Amino acid sequence: MKYIVSFLVVLCPFLIWANNLQISNVGQNQAAGEVSFTISWDNSWRIDGLGTPNHWDAAWVFVKIRACGASASVPWTHGVISTTIGSHSFGALEPTLADGSAVGIDAAPNNTGVMLRRNATGLFTNAGTTNVTLRLDNFPATGDYEVKVIGVEMVYVPQGDYVAGGQSESQPLRINGAPFVVNSENAMTVAYLNTTTVNLPAAFPKGFEAFYCMKYEISQGQYSTFLNTIDATGQSARFLASFNTNRNRVNSGGTPPDIYFSDRNDRACNFLTWDDLLAYLDWAALRPITEMEYEKAARGQAPYLGGYAWGSTNITNVSQLDTPEDGTELALNANANASYSNTLLSGGDGGYGPVRVGIFATSSTTSREQTGASYYGIMELSGNLWEQCIPVNPDVATLAYDGQWGDGNLSATGTADVTNWPYTNCTGSCLRTLRGGSYADAATRLRISDRFYYTYTTTTRTRSVGGRGAR
């Protein structure tokens, strides 16, 4: 239960749909260019010190607007947030820059949302609600407009050294045949296939610098909302057409403007192509992660142990679920902390496929191993669905990647149009790296440094592939 869209309509149908990250009571003052709402999420934290680098969770919040009655061929406009802090009100929260270095909103043209964290340190099991008002620079002063306020849970990964690469995993990254310490973003030479090396430029994100990572894999509810706010051409290109296959429940045929929907909103979204992932991240003003950033997000500052994202080699497969699967379902078999090995699930909806994001974190699980959480509290980096990452390889398109963010808008064909994002709308066979394994793979594939490096085409949809992004 990790994500929320709240939907305000003036002189149009009214809808609010919420879960643990809740945004509600959306209002607007068009003359002032303001959108207001209440927001809350549970089990939040902000840690300063305590023997670990400062880190916290946050909510990436952005706004989409569209004139009431617009046809399906008209995409929603992405809200541009004023960079003047005094123009907003944040209650018990505060906005941070994308690198977490200061309170603020990223400068134009990257003022496409706000990254909201707690304004005090502590653990917030039930944080309650707080009122937020955002001023948009591009909100028309008159007319009747639909407004969607969309939130995605994020985790701050702080700047710092970490160990990358592996030893006995499949095709691990290495330097001199061994795992290696990444202690800067400087250019470096890495072996990406046995002894075959690549020279990574300084601009290629290596995970040393701070970034925000999505706490969960993209869910089916999130993907449905994405489809409902892009134009008809984009919807045709990005619709998965995999309803009721391997537990995918993203469907079409709903009531406009919510043509696309899922009755399993919090289940991880499978069948995502590389183009689907990039389009979603561009639309959300996020970006894809590199496979080195994946390792930092999983392993953190812990030493190389050769295990899974929760820091050990102990693993237990989920095989039984609560009934019904309503977004609160749990894994019922003892000690389950991952989804792998193509297990036929019993209970719930049954079948072979991904489970809901964050399913292993409960009120009775307290350790990383029990919850399946990474060093920084990011979920399902091992198992459930493969993580699509920018690969480490010598391809010129890969080496040009510099971590630029999406701007909230897509091309006329429904694809991401960000400069230097590799393999967008690839027409032939392209290279990519999958990380973290999936529900359909052996446990060894879930190890942090295990790499599935191969060629693919953008038209191929795979039952066990999902993704997440960063900022």
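The values are calculated or read from the model by the stated rules, or taken from the named source; none is laboratory data. Keep in mind the model is a prediction, meaning the values are calculated, not measured. Neighbour counts run over all protein chains shown; Cβ positions are idealised from the backbone, glycine included. For accessibility, only protein heavy atoms count, side chains too; no ligands or nucleic acids. Shrake-Rupley method; radii C 1.70, N 1.55, O 1.52, S 1.80 Å.
Please indicate, with yes or no, whether at least one residue in the range 446-462 is in contact with a Phe, Trp or Tyr (Cβ under 9 Å, 6 or more places away or on another chain), of a type outside the set (Asp, Glu), open to solvent by less than 10 Å² (accessible area, probe 1.4 Å) and not in a loop (DSSP other than H, G, I, E, B).
Within the range 446-462, one or more residues are in contact with a Phe, Trp or Tyr (Cβ under 9 Å, 6 or more places away or on another chain), of a type outside the set (Asp, Glu), open to solvent by less than 10 Å² (accessible area, probe 1.4 Å) and not in a loop (DSSP other than H, G, I, E, B).
Would you confirm whether any residue within the range 155-170 is closer than 22 Å to LEU97 by Cβ and hydrophobic (A, V, I, L, M, F, W, C)?
Yes, the range 155-170 has at least one match.
Considering the range 324-367 alone, what residues qualify as being in contact with a Gly (Cβ under 8 Å, 6 or more places away or on another chain) and modelled with pLDDT under 95?
ALA361
Hey, can you tell me all the residues within the range 293-306 that are within 24 Å of the chain's Cα centre (by Cα), farther than 14 Å from GLY377 by Cβ and either at pLDDT below 95 or surrounded by fewer than 15 Cβ atoms within 10 Å (Cβ to Cβ) (or both)?
none
Tell me, which helices (runs of 4 or more DSSP H) wholly within the range 221-306 include 2 or more residues that are in contact with an Asp or Glu (Cβ under 9 Å, 6 or more places away or on another chain) and of a type outside the set (Ser, Thr, Tyr)?
In the range 221-306, the matching helices (runs of 4 or more DSSP H) lie at 232-238.
Failed condition for THR398, given (1) at pLDDT below 95; (2) of a type outside the set (A, V, I, L, M, F, W, C); (3) surrounded by fewer than 20 Cβ atoms within 10 Å (Cβ to Cβ), with all others met?
So THR398 meets the others, but not (3).
Is it fair to say VAL198 is touching a Leu at 6+ places or on another chain (Cβ under 6 Å), touching a residue at least 24 places away in the same chain (Cβ under 8 Å) and within 14 Å of LEU399 (Cα to Cα)?
Judged against the criteria, VAL198 is not a match.
Hey, can you tell me all the residues within the range 202-217 that are touching a helix residue (DSSP H, G or I) at 6+ places or on another chain (Cβ under 6 Å) and either of a type outside the set (Gly, Ala, Ser) or surrounded by fewer than 24 Cβ atoms within 10 Å (Cβ to Cβ) (or both)?
Selection gives PRO205, LYS206, CYS213.
Name the residues in the range 45-63 that are at pLDDT below 90 and either assigned to a strand (DSSP E or B) or within 17 Å of MET214 (Cα to Cα) (or both), would you?
Of everything in the range 45-63, those that are at pLDDT below 90 and either assigned to a strand (DSSP E or B) or within 17 Å of MET214 (Cα to Cα) (or both) turn out to be ILE47, HIS55.
Pairs please, first residue from the range 390-416 and over 18 Å from ALA284 (Cβ atoms), second anywhere and basic (Lys, Arg) and open to solvent by less than 30 Å² (accessible area, probe 1.4 Å), Cβ atoms under 6 Å, 6+ apart in sequence or on different chains.
Close Cβ pairs satisfying both conditions: PRO391/ARG432.
List every residue pair whose Cβ atoms lie under 8 Å apart, where the two residues are 6 or more positions apart in sequence or sit on different chains, the first residue falls within the range 321-335 and is of a type in the set (Gly, Ala, Ser), and the second residue, located anywhere, is at pLDDT below 95.
Hits for this filter: GLY327/MET1; GLY327/ASN19.
List the number of the failed condition for TYR162; all other conditions in (1) without any contact (Cβ under 8 Å) to a residue 24 or more places away in the chain; (2) under 19 Å from SER374 (Cα atoms); (3) of a type in the set (Ser, Thr, Tyr) hold.
For TYR162, the exception is condition (1).
Could you go through the range 361-372 and let me know if any residue there is surrounded by 24 or more Cβ atoms within 10 Å (Cβ to Cβ), on the phi < 0 side of the Ramachandran plot, in contact with a Phe, Trp or Tyr (Cβ under 6 Å, 6 or more places away or on another chain) and in contact (Cβ under 8 Å) with a residue 60 or more places away in the chain.
Checked the range 361-372: no residue is surrounded by 24 or more Cβ atoms within 10 Å (Cβ to Cβ), on the phi < 0 side of the Ramachandran plot, in contact with a Phe, Trp or Tyr (Cβ under 6 Å, 6 or more places away or on another chain) and in contact (Cβ under 8 Å) with a residue 60 or more places away in the chain.
Of everything in the range 172-187 that's out of contact with any Pro (no Cβ under 9 Å at 6 or more places or on another chain) and either open to solvent by less than 70 Å² (accessible area, probe 1.4 Å) or of a type in the set (A, V, I, L, M) (or both), which residue is nearest to TYR294 (Cα to Cα)?
Only one residue fits best here, namely VAL182.
Does ASN420 satisfy the criteria of being assigned to a loop (DSSP other than H, G, I, E, B), open to solvent by 40 Å² or more (accessible area, probe 1.4 Å), in contact with a Pro (Cβ under 8 Å, 6 or more places away or on another chain) and farther than 30 Å from ASP322 by Cα?
No; evaluated as a whole, the condition is false for this residue.
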